[in-house]
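The values are calculated or read from the model by the stated rules, or taken from the named source; none is laboratory data. Predicted model only: the values in this text are computed from it and were never measured. Positions of Cβ are backbone-derived with ideal geometry, glycine not excepted, and every protein chain shown enters the neighbour counts. Heads up: the accessible areas ignore ligands, DNA and RNA and are worked out on the full protein's heavy atoms, side chains in. Shrake-Rupley method; radii C 1.70, N 1.55, O 1.52, S 1.80 Å.
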Amino acid sequence: MINRRTFSKAVGLGTGAAAVSLAGLPASSASAAPASGPGGGRPVPTVPALAPGTHTSFGRIKHVRAGVLDVGYAEAGPAHGPVVICLHGWPYDIHSFVDVAPLLADQGYRVIVPYLRGHGPTRFLSARTFRNAQQSAIALDIVALMDALKIEKAVLAGFDWGSRTADIIAALWPGRVKALVSVSGYIITDVDAQKAPIAPQAEHTWWYQYYFATERGRAAMEDDRYRPELCRVVWDLVSPTWNFDDATFARTAKAFENPDYPDIVIHNYRWRLGLADGEHRYDRYEKRLFTGPPIHTPTVTLDAELDPFTPPPGDGSSYRDHFTGPYDHRTLKGIGHNLPQEAPTAFAQAVVDADHL
């Protein structure tokens with residue numbers, strides 16, 4: 001599986017230099033979609049090209065009680081259309097899909113875009129609930145959301161935390177996932193593997209993970225002055241060619257004002273390094289995830305060429321063996337970490353294509 005150790009083996013010591021040398025390349029989308037489905041079946045629709053930043057907001061944010069949360073989510077498209085659930089990462093929010101959602105809605109999909117726990121209007125139902133951000137807990141939030149909305153099966157599409165969450169659901173609850181789009185491929189965490197050191201240049205890429213392991217890092221996340229500035233630094237570093245404006249960042253930064261945000265972010269990164277405990281009720285799920293379970297769901301994986309977390313050659317070969325069902329991989333040239341917001345047409349096309357595998 002992809003973790004800090006396998007990332008290091010693929011990257012070696014050249015990641016930083018590669019990212020700098022490619023930073024000036026213009027953005028481009030993935031290759032054209034296939035004209036027909038498997039075996040020459042029904043044609044695969046082509047998603048019309050849309051300039052990133054065309055849309056700036058969703059409609060009314062809805063709420064539903066799901067598991068331990070009151071989940072805030074955006075919805076687009078026909079109420080009875082096939083469901084796509086789009087899952088964001090850190091330090092981002094649902095606006096990563098602000099252009100993707102209308103593209104998919106126009107294709108007839110019912111698009112659900114939830115704020116993850118600790119983000120935006122999503123709240124814990126009880127003040128006594130431990131602010132846990134281990135990987136299986138977040139995945140179970142989305143299963144609970146599907147149950148609350150009476151969604152038996154959906155296409156799951158995500159990046160960063162969202163990719164990991166979608167991967168986990170596809171691995172542990174495959175009957176709930178019709179198809180999968182996963183940026184950076186297979187990124188289920190093995191905590192034991194995370195404990196070993198990796199090449200220094202690769203360690204440098206993960207600087208904020210180690211910063212959050214300190215009380216100084218926690219204090220920065222809790223400080224209203226430094227939290228948005230810290231998150232913006234991450235945006236700049238991991239998406240070197242994305243020319244977002246202040247308003248774009250500000251729309252997402254509102255999600256960082258959730259009172260649980262510092263606790264969720266800090267716990268997520270400390271847990272992944274084995275520096276914070278999870279909850280015993282999730283042990284059975286984590287035990288299975290640490291074995292690197294295969295994913296049989298039809299899948300399209302995406303690598304962003306300028307994402308510093310994409311190991312060269314960025315062709316998906318480092319995680320290909322984890323996907324045993326119908327599969328396709330694409331590398332997006334000139335794109336950084338926030339792939340759906342930087343390249344919404346390519347991301348939406350990947351969703352449509354995965355649904356037709």
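A few remarks follow.
- Any hit, the range 279-300, residues being of a type in the set (S, T, N, Q), closer than 17 Å to Tyr186 by Cβ and in contact with a helix residue (DSSP H, G or I) (Cβ under 9 Å, 6 or more places away or on another chain): yes
- Just one of the listed residues (His280, His329) is touching a Gly at 6+ places or on another chain (Cβ under 7 Å) and surrounded by fewer than 24 Cβ atoms within 10 Å (Cβ to Cβ), and it is His329.
- Wholly enclosed helices (runs of 4 or more DSSP H) of the range 258-357 bearing at least 2 residues among the hydroxyl-bearing types (Ser, Thr, Tyr): 261-272
- Members of the range 92-111 found to be assigned to a helix (DSSP H, G or I) and crowded, with 23+ Cβ neighbours inside 10 Å, listed by number: Ile94, His95, Ser96, Phe97, Val100, Ala101, Leu103, Leu104
- As a summary of the residue check, His337 satisfies the conditions (1) over 18 Å from Ile169 (Cα atoms); (2) surrounded by fewer than 23 Cβ atoms within 10 Å (Cβ to Cβ); (3) in contact with a Phe, Trp or Tyr (Cβ under 9 Å, 6 or more places away or on another chain) except for the one numbered (2).
- The requirement of being under 19 Å from the mean Cα position of the chain (by Cα), open to solvent by less than 60 Å² (accessible area, probe 1.4 Å) and more than 13 Å from Pro91 (Cβ to Cβ) is fulfilled somewhere in the range 203-219, by at least one residue.
- Residue pairs whose Cβ atoms lie under 6 Å apart, sitting 6 or more positions apart in sequence or on different chains, and linking a residue in the range 303-316 that is touching a residue at least 24 places away in the same chain (Cβ under 8 Å) to a partner that is basic (Lys, Arg) and surrounded by fewer than 24 Cβ atoms within 10 Å (Cβ to Cβ), are Glu305/Lys333.
- Flag if Ala250 is under 30 Å from Leu69 (Cα atoms), open to solvent by 40 Å² or more (accessible area, probe 1.4 Å) and among the small types (Gly, Ala, Ser): yes
- Pairs with Cβ under 8 Å, 6+ apart, first in the range 190-210 and on the phi < 0 side of the Ramachandran plot, second open to solvent by 30 Å² or more (accessible area, probe 1.4 Å) and among the basic types (Lys, Arg): Ala193/Arg5; Gln194/Arg5; Ala196/Arg5; Ile198/Arg5
- Considering the range 181-202, the residues that are more than 20 Å from His88 (Cβ to Cβ) and among the polar types (S, T, N, Q) include one that is least open to solvent (accessible area, probe 1.4 Å), namely Gln194.
- For the range 256-277, a tally of residues being free of Cβ contacts under 8 Å to residues at least 40 places away in the same chain and open to solvent by 30 Å² or more (accessible area, probe 1.4 Å) returns 3.
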